[in-house]
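In what follows, a structure is listed as structure tokens, so that the remarks can point back to it.
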Amino acid sequence: MDAATFLIIRGFVGVTLGVLAMMWPGVTIAALVIIFGLYAVLDGVMNLVLGFRRSYQRSWAQLLQGFVGIAAGILTFVWPGITALALVLFIGAWAVLTGVLEVVTAVRLRKAIDGEWLLALSGMMSLIFGILVFAFPAAGAVGIAWILGIYAAASGFVLVSLGLRLRTRLVAA
């Protein structure tokens, strides 16, 4: 599987989980824990796979992003009774770290791929999402479910666009 396919899959995972989060905003915090945990683990695994591929320019930022995502997802499942406020802050921290690492990865890949600005855009979206989470922690699980859903779906669309653009470049080469 090539890098473009992994980006497209990662994007579709984000869109799917984002839509699910928006469809059921009133679900319990346990459902939000599961949605976030799955997204963080799957996103982390995709980043590790991409980061370790020899045909893909190896990036410490992308590898670290993968480890951070998997760790965030595992911690989410280890402590399912976490309070809404703690979960909100946990999601915010993960989003900020992911955003910074995606921007760093985009800068490192700017000479290797066209359209790296899409990865930087995804990183900026993560940063904005994280900042909003920290700014409004009392929004509650319903509000966070909507914000997470919008963020995951929008970020997923951006990553699918990047993957399709990369696939077009790989086919043309």
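The values are calculated or read from the model by the stated rules, or taken from the named source; none is laboratory data. Since we're looking at a predicted model, the values are computed, not measured. Here the Cβ is made from the backbone with ideal geometry for all residues, glycine too, and neighbour counts use every protein chain on show.
Taking segment 34-58 as the range and being crowded, with 20+ Cβ neighbours inside 10 Å and either modelled with pLDDT under 85 or not polar (S, T, N, Q) (or both) as the test, the residues that pass are ILE35, PHE36, TYR39, ALA40, ASP43, GLY44, MET46, LEU50, GLY51. Counting only helices (runs of 4 or more DSSP H) that sit wholly inside segment 58-159, those with at least 1 residues that are of a type in the set (Lys, Arg) are 84-108. Picking from residues in segment 83-100 that are buried (at least 20 other Cβ atoms within 10 Å of the Cβ) and of a type in the set (Gly, Ala, Ser), the one that is modelled with the highest pLDDT is GLY99. For ALA120, are the conditions met, namely being surrounded by 19 or more Cβ atoms within 10 Å (Cβ to Cβ), more than 19 Å from ILE35 (Cβ to Cβ) and not basic (Lys, Arg)? Spelling it out, ALA120 is indeed surrounded by 19 or more Cβ atoms within 10 Å (Cβ to Cβ), more than 19 Å from ILE35 (Cβ to Cβ) and not basic (Lys, Arg).
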